[in-house]
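See below for the structure under consideration.
The values are calculated or read from the model by the stated rules, or taken from the named source; none is laboratory data. Just so we're clear, the structure is a prediction, and the values are computed from it rather than from any experiment. Methodologically, a virtual Cβ is constructed for each residue, glycine included, from the backbone with ideal geometry; neighbour enumeration extends over all protein chains shown. Note: accessible area is taken over every heavy atom of the protein model, side chains too, but ligands, DNA and RNA are not part of it. Shrake-Rupley method; radii C 1.70, N 1.55, O 1.52, S 1.80 Å.
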Amino acid sequence: MLRSPPSRRMVWTICIAAIVYYILYHMFESAELADFGLQPVQRANCSIFPDWDGSSSSYLVYGETVTNPLPVVGDAASIGNQNRCLLPSSRFEKYQSSQDRDWNQVRWGDVQKRCRATGNTKRIIDEFSARDNTWFQMPENIETSLVEKKGQTAVVLRTWDNYNYTDVRRAWLRALIAETSLHSGGEYEVFLLINVKDDRIRLDQDSEVYEEVLRECVPEEFRDIALLYNQNVLKTWYPKVKEHGAQDQMYQALQIFAHKFPQFAHVWQLEMDLRTTGHVHTTLETASAFALAQPRRNLWERNGRFFIPELYNGSYETFAAAVDDEIGDRGIWGPATTTDFEPRGPFPPPRSVRNWGINEGADLIGMMPMIDPRGTDWVYEHHVFGFADGEATPRRAAFVSMTRASRRLLLLVSEAQRQRGQWVVSEATLETFALLHGLKAVTVPHPIAFANDMTAEAAETELNRGPRHSKAGGRGPSFSYTSGGWVPGPWSQSSYWFAADDAPNRWHSYLSGDCLPPMLLHPVKDE
């Protein structure tokens, strides 16, 4: 028996169903990739070697996180998917030094540039591409425009000229570049910013000497992403600042970078001994998204304390509401007030606008609480120069100077140091100028574990015992170094600090197969 042809309604129903299925399929496929910060398609020109697709994100393998107990401080969801772990074998094995691949033939600067140019050659305009001793030359007219611009994101890794590039460290660097620059299609670009310790070397006057130092201290594959400088360079740019060493002025070289590479709207400053258990691009993008979503109301007061999830049913929103209940409308709103200082940030709306700051990109993203250093007995508490109010100047400081800074903020700091001689030490530089200019700054509450398995209550008592506006501060906070030396506390056995002994233990545990949630581990120096 012949069947009658399908009705027009049935045909349309089938077509619509097919379209919906197609959209949902690709939406969830892309969402899964986007959840980990990856592009749905790996561009051919983003391959490291012409005949090799091993750097593609499609080779990454994920598992289900197994962590008991969870880190007592912070939340893995602020830097990634807390339920998924990235298996280290899929990240690092293909980047190991071996006879199969001649890594000395790789030029990471060229690889990143090629990846960035794919599909849109008009977009890749190298406003400043020099990788020689002209990169830090001071121009006749130094830019002071602070108009926000969209652009790429730079990842700048800070190191010294005597850094030992072991095979394991080289594999990590290769993976980091692939995970940030290549997996983002060139939206990120990685650099090495290298501090040459010998100030007798005139890097600024002799290009041949510059090239000789570069050859001596940087492996061949990384040379075209390396930028050298020493204190002579910093003194030339910032003669009104009396200190130019890395300990006191970690950001001066980065400020010069911001001047000379205007294509980068934001700059992540990371250290060579940082390790991430999560995909690096996912980690940075998720942190940026967290910052983007934060309202300005009582933001500085949230920034000033550790988030301990167990005390708030695992919810950062509940934590934020508790801070709002505690602070009310007494929190910082716009720039902090000080004498003879012109804020350059946005003018704040009335306090009744509770959603101010939501979907506003952060000028500063930090990974530790931004505390008020006044009254802490921190060894650098009294180091404030060029400000009319002296030591009474409102300030903030965060220990471990790994941050994402906007170009706008870096140029503001540069202008203050160069023209007015206003400066504080590294840990307080970006935080203080963001506070005084009324720029958005956000502490990302990434997970921090302690080897002594502190309870949530003990962590709250130990870590958040300062005044309301700076709970992680107060007199002698245990994660600081005071005028009397180290303060007794749990930080030496933590997973993230400037001298955390447990960081390498957790990193090697991860490499050995422990399926850890996304974490930042610092410092890891034993590779």
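How many of the residues making up the range 48-71 are open to solvent by less than 50 Å² (accessible area, probe 1.4 Å), assigned to a loop (DSSP other than H, G, I, E, B) and touching a residue at least 40 places away in the same chain (Cβ under 8 Å)? Result for the range 48-71: 9. Of all residues in the range 408-417, none satisfies being under 18 Å from Pro373 (Cβ atoms) and either within 16 Å of the chain's Cα centre (by Cα) or open to solvent by 10 Å² or more (accessible area, probe 1.4 Å) (or both). When Asn452 is tested against (1) surrounded by fewer than 24 Cβ atoms within 10 Å (Cβ to Cβ); (2) modelled with pLDDT of 95 or more; (3) on the phi < 0 side of the Ramachandran plot; (4) in contact with a Pro (Cβ under 9 Å, 6 or more places away or on another chain), only condition (2) is not met. Determine the pairs where a residue that is within 24 Å of Asn359 (Cβ to Cβ), located within the range 425-448, has a partner that is of a type in the set (Lys, Arg) and in a helix (DSSP H, G or I) with Cβ atoms under 8 Å apart, the partner being 6 or more residues away or on another chain. These pairs meet every condition: Leu439/Arg408; Thr443/Arg302. Within the range 391-405, if we keep just the residues that are open to solvent by 10 Å² or more (accessible area, probe 1.4 Å) and not in a loop (DSSP other than H, G, I, E, B), the residue that is nearest to Thr283 (Cα to Cα) turns out to be Arg404.
Selection of first residues in the range 161-185 that are closer than 20 Å to Glu527 by Cα and among the aromatic types (Phe, Trp, Tyr) and of second residues that are open to solvent by 10 Å² or more (accessible area, probe 1.4 Å) and outside any helix (DSSP H, G or I), restricted to Cβ pairs under 7 Å at least 6 apart or on distinct chains, gives the following pairs, ordered by first then second residue: Tyr163/Met272; Tyr165/Pro219.
Residue selection: Leu292 fails the criterion of being surrounded by 20 or more Cβ atoms within 10 Å (Cβ to Cβ) and touching a residue at least 60 places away in the same chain (Cβ under 8 Å).
Can you tell me which residues in the range 247-259 are crowded, with 18+ Cβ neighbours inside 10 Å and either of a type outside the set (Val, Ile, Thr) or on the phi > 0 side of the Ramachandran plot (or both)? Within the range 247-259, Asp248, Gln249, Met250, Tyr251, Gln252, Ala253, Leu254, Gln255, Phe257, Ala258, His259 qualify.
Restricted to the range 72-85, and to residues there that are touching a strand residue (DSSP E or B) at 6+ places or on another chain (Cβ under 6 Å) and modelled with pLDDT under 95, the residue that is surrounded by the most Cβ atoms within 10 Å (Cβ to Cβ) is Cys85.
Check the range 427-436 and report whether any residue there is among the hydroxyl-bearing types (Ser, Thr, Tyr) and out of contact with any Asp or Glu (no Cβ under 9 Å at 6 or more places or on another chain). Yes, the conditions are met somewhere in the range 427-436. Inside the range 301-331, residues that are charged (D, E, K, R), assigned to a loop (DSSP other than H, G, I, E, B) and open to solvent by 50 Å² or more (accessible area, probe 1.4 Å) make up a count of 2.
Restricting attention to the range 455-482, which residues are in a loop (DSSP other than H, G, I, E, B) and open to solvent by 30 Å² or more (accessible area, probe 1.4 Å)? Step through it out loud before you land on a result.
Within the range 455-482, the first condition is being in a loop (DSSP other than H, G, I, E, B), and the residues that meet it are 455, 464-467, 471-480.
Those that are in a loop (DSSP other than H, G, I, E, B) and open to solvent by 30 Å² or more (accessible area, probe 1.4 Å): Thr455, Arg465, Pro467, Lys471, Arg475.
The one condition from (1) surrounded by fewer than 22 Cβ atoms within 10 Å (Cβ to Cβ); (2) among the polar types (S, T, N, Q); (3) within 24 Å of the chain's Cα centre (by Cα) that Ser184 does not meet is (1). For first residues located in the range 511-527 and among the basic types (Lys, Arg), partners that are assigned to a loop (DSSP other than H, G, I, E, B) and modelled with pLDDT of 95 or more and lie 6+ apart or on another chain with Cβ distances below 6 Å form the pairs Lys525/Asp273. Taken together, Ala246, Ala265, Ala287, Ala293 contain a single residue that is modelled with pLDDT under 95 and small (Gly, Ala, Ser), which is Ala246. The set of residues from the range 260-277 being open to solvent by 10 Å² or more (accessible area, probe 1.4 Å) and of a type outside the set (A, V, I, L, M) comprises Lys260, Pro262, Gln263, His266, Glu271, Asp273. Here the range 131-173 is the region considered, the condition is being modelled with pLDDT of 95 or more and among the basic types (Lys, Arg), and the residue that is nearest to Ile194 (Cα to Cα) is Arg158.
Among the residues of the range 280-296, what is the count of those that are charged (D, E, K, R) and more than 10 Å from Gly357 (Cβ to Cβ)? So that I can check it myself, show each step before the final result.
Step one: list which residues in the range 280-296 are charged (D, E, K, R), which gives 285, 296.
Next, only the ones that are more than 10 Å from Gly357 (Cβ to Cβ) stay: 285.
Within the range 280-296, residues that are charged (D, E, K, R) and more than 10 Å from Gly357 (Cβ to Cβ) number 1.
Taken over the range 156-207, residues that are under 22 Å from Asn230 (Cβ atoms), assigned to a loop (DSSP other than H, G, I, E, B) and not aliphatic (A, V, I, L, M) amount to 13.
Can you confirm whether the range 222-230 contains a residue that is crowded, with 22+ Cβ neighbours inside 10 Å and polar (S, T, N, Q)? Yes: the range 222-230 contains one or more residues that are crowded, with 22+ Cβ neighbours inside 10 Å and polar (S, T, N, Q). Out of Leu430, Leu521, one residue alone is assigned to a helix (DSSP H, G or I), touching a Phe, Trp or Tyr at 6+ places or on another chain (Cβ under 7 Å) and open to solvent by less than 40 Å² (accessible area, probe 1.4 Å). It is Leu430.
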